[in-house]
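Structure first, commentary second.
The values are calculated or read from the model by the stated rules, or taken from the named source; none is laboratory data. Everything quoted here is computed from the prediction, not taken from an experiment. Backbone-built Cβ (ideal geometry, glycine too); neighbour counts: all protein chains shown.
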């Protein structure tokens, strides 16, 4: 194999040089995706989802039904600092957050195993989208599922009935961000 066909890993310093500074980043347009966590309580999962929202340029993260302490070690380790520049708010109830999003014109999609759910690749978003992910033990509440315009289900082909919430978030959020970017790129200026 010659050196031209090899894939070379980029050092962190090179990756950082390609990024804008934090001041410019704060002004950067975000994708029309609101992420709502419905009773997600584990600090590691919240931190990982902060990091995903940063990576996908989600508009905002709403953490509902759980107390958030940004100083929690597991949250900080998983978030890698993104909790300080990802726009976020805390709400008492995911139901209230979803009702407000619907009133603002968001299409609400819950990630949950439910009747009439669709696979991530079959979901056709109408942006802006409010993506709701449920807690580690009970998933998205039935009240939120009842408010949802769509329910997205990640097929479980093995013995387990579910995957980790941050893994589910990564699968669905990446697909949504690609669709949002494609829509933005095809919109006339």
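Residues in region 97-121 that are modelled with pLDDT of 95 or more, over 16 Å from the mean Cα position of the chain (by Cα) and within 11 Å of residue 150 (Cα to Cα): 117, 118, 119. Of the candidates 35, 68, the single residue that is closer than 22 Å to residue 154 by Cα, touching a residue at least 12 places away in the same chain (Cβ under 8 Å) and in contact with a strand residue (DSSP E or B) (Cβ under 6 Å, 6 or more places away or on another chain) is 35.
Does region 165-181 hold any residues that are closer than 22 Å to residue 75 by Cβ and surrounded by fewer than 18 Cβ atoms within 10 Å (Cβ to Cβ), and which are they?
Start the filter on region 165-181 by keeping residues that are closer than 22 Å to residue 75 by Cβ, which leaves 165-174.
Answer for region 165-181, where residues must be closer than 22 Å to residue 75 by Cβ and surrounded by fewer than 18 Cβ atoms within 10 Å (Cβ to Cβ): 167, 171, 174.
What number of residues in region 79-107 are under 21 Å from residue 184 (Cβ atoms) and crowded, with 18+ Cβ neighbours inside 10 Å? Summing the residues that are under 21 Å from residue 184 (Cβ atoms) and crowded, with 18+ Cβ neighbours inside 10 Å in region 79-107 gives 4. Filtering region 144-174 to residues that are at pLDDT 95 or above, in contact with a strand residue (DSSP E or B) (Cβ under 9 Å, 6 or more places away or on another chain) and either assigned to a helix (DSSP H, G or I) or more than 22 Å from residue 102 (Cβ to Cβ) (or both) leaves 144, 145, 147, 154, 165, 166, 168, 169, 171, 172, 173.
Residue 115 passes every criterion in (1) over 17 Å from residue 33 (Cβ atoms); (2) surrounded by 15 or more Cβ atoms within 10 Å (Cβ to Cβ) apart from (2).
Each row is one residue, and each column tells you yes or no for (1) at pLDDT below 95; (2) within 17 Å of residue 136 (Cβ to Cβ).
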position	(1), (2)
23	yes, no
26	yes, no
33	no, no
44	no, yes
56	no, no
59	no, no
64	no, yes
67	yes, yes
73	yes, no
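If the condition is being over 14 Å from residue 39 (Cβ atoms), exposed (fewer than 12 other Cβ atoms within 10 Å of the Cβ) and in contact (Cβ under 8 Å) with a residue 12 or more places away in the chain, then region 125-164 contributes 155, 156, 161.
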